[in-house]
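A quick write-up on the structure given underneath.
What follows is calculated from the coordinates using simple rules that are stated; it is not laboratory data. For clarity, every value in this text was computed on a predicted model and none was experimentally measured. Methodologically, a virtual Cβ is constructed for each residue, glycine included, from the backbone with ideal geometry; neighbour enumeration extends over all protein chains shown.
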């Protein structure tokens, strides 16, 4: 499979915003003499020591002119204009996780080269993991960009043992990119800061001096993780001509001259990321004497509703957990091998699909996701694993004939819970791998009995429980999986082990291959730091088999699965392909270790915090001073009278309630492309709607409850063809 890439307007807009700041800069390329290490500068521009650097910004393009350009771009992009140039030629670009941040800054490099001839770029990243991912992005997009721009970027990862790459970076006239993780120039230890040393193997020169003379453009990927006080000072030694900062989560105190913003809310509104749904698990009324019962789901059909529950059962080898689909009058005591804890009224009295609950004769009432009784942490983890498998198989069956491979991702806290080694060094399953294989075999076995033989069942039969899961972890010298090794920055807990990421970053296309012989892996266990962890567009389920903490926020957890999926041709399944169906296909299910309410409100709070700069209500002040654009690109700055007219019209049309919140009628008309705006700005309706969409809404940011949809709709073609239906 070869991943395909599309030209998307928001990525082009982000690149254009950066380019337009320097409008008026002529297209220039400059060669110069490089110190060859002997102290003698070469004068023959055809020698191997001829260098190429970025031409400095011309004097005519002074700070006041650049500030004017910046403010115009900010007004166009509905961003508060900067009062001054903050940090001098430092620009900030905010892009939500999963929308193609790396693609965007690669495109920006090409555009800067196309307009101004600039060709030297350095990408600074916070960790080995992100560095490898960035390198992979340059690889897979190379042909795509070459087709558009007629040239390829030469890119490499900085390695202090391969310093000839530095000479090539300086002497090559094409677009050159050096990718470097911050530890390489800001670390301690025996190999520390070789970039600042005069090295014998580099002809007694300092690598940093050769790099600095190219006047590079610095691109900081995830600056909130890169830029500590010391790192900021160290980066000045690169002598950057311009610094561009890209992240979804910029720190409020570290934003310089924001030129483009695509935040979490806008990404969702524009259907650029997956829809998030949550499966929560709630422990309720748990006591040591109660019988264990877990309500997995309520199942609705034409017949009476049923419930799928788990409970303890006495077998020949002791107690085990079993899952059964039950109806009214089902007696747990009879079906558990007469366990005493189910003797007191554990007979199903009621199953209600309206609010997803089941009630027993003894008054115990459970809602889907509730668990009562003797529950330890291992049992909760087993429930999470089972729920992940169930969600995976449901999504996989729905997408099977669309040629989309489904992947699920587990994050765990200890590697030995997945893989252990005996005294001879031979691997065997840890507790989570063992739980996974047991639950997988049980669920698939039940599916085969209920669904019979079809193409999907034959696909499942071709993959064993053992072969369909894999772990991606750091490895030691013996090749054994080990817990992630913290890097020099203890706060970020990044890994310095390159081998831990080889399979993840270099075999992404293979993992997306649905052929069970070539690529049976569909479930991935990882110990990576969530903020920089495993990333693949076809992750549809994420399950964290560990306690959440303040160090790993919910937004970081879901971020690994937000990218829109691709099919077997490598084509992204976005709105251009699927239209309004994009969020029926692209759904990320989070299997939480807490209740839906708790997880959803926590995630909503974090997202609200991330978009804190958005307006909170619609009023006339929202429009005053804003720039509206018509279909021909003509601009109109809104005055107070026009703003009042726009607001009055919105109220009259029922789009705004008394609290300034957008109504259901607005969202309905928006979905049908039928929003009406005031006559004064009718030609700029799209700009007005963009402004309305910029207002924060709890409705947009609240993830859905995955358990609320317990009906699978199926079309009856005979009824669809009835004359009465067609007439209706």
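Summary of values
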| quantity | calculated |
| --- | --- |
| Between helix 63-76 and the chain: long-axis angle, C-alpha atoms, 0 to 90°, nearest 10 | 30 degrees |
| Cα-based helix-to-principal-axis angle, 640-652 vs the chain, degrees rounded to 10 | 20 degrees |
| Which labelled figure in (1) 97, 72, 49; (2) 94, 78, 47; (3) 102, 77, 49 is Cα extents along the principal axes in Å, once derived from the coordinates | (2) |
| Computed helical MRE - 222 nm, the chain, DSSP H runs ≥ 4 contributing -39500 (n - 2.57), nearest 500 | -9000 deg cm²/dmol |
| Exposure proxy order (Cβ contacts within 10 Å, fewest to most) of 52, 118 | 52, 118 |
| Residue 154 paired with residue 58, simple spin-label distance in nm, labels 7 Å along Cα-to-beta-carbon | 2.8 nm |
| Degrees, to the nearest 10: 9-21 long Cα axis against longest axis of the chain | 30 degrees |
| Which of 518, 707, 251, 33 has the fewest Cβ neighbours within 10 Å, and the rest in rising order | 518, 251, 33, 707 |
| Residues 724, 571, 233 arranged by fewest to most Cβ contacts within 10 Å | 724, 233, 571 |
| Peptides ranked, highest mean first, by Cβ atoms within 10 Å: ranges 416-428, 586-598, 168-180 | 586-598, 168-180, 416-428 |
| Share, in percent, of DSSP beta bridges within the chain that are antiparallel, nearest 5 | 45 percent |
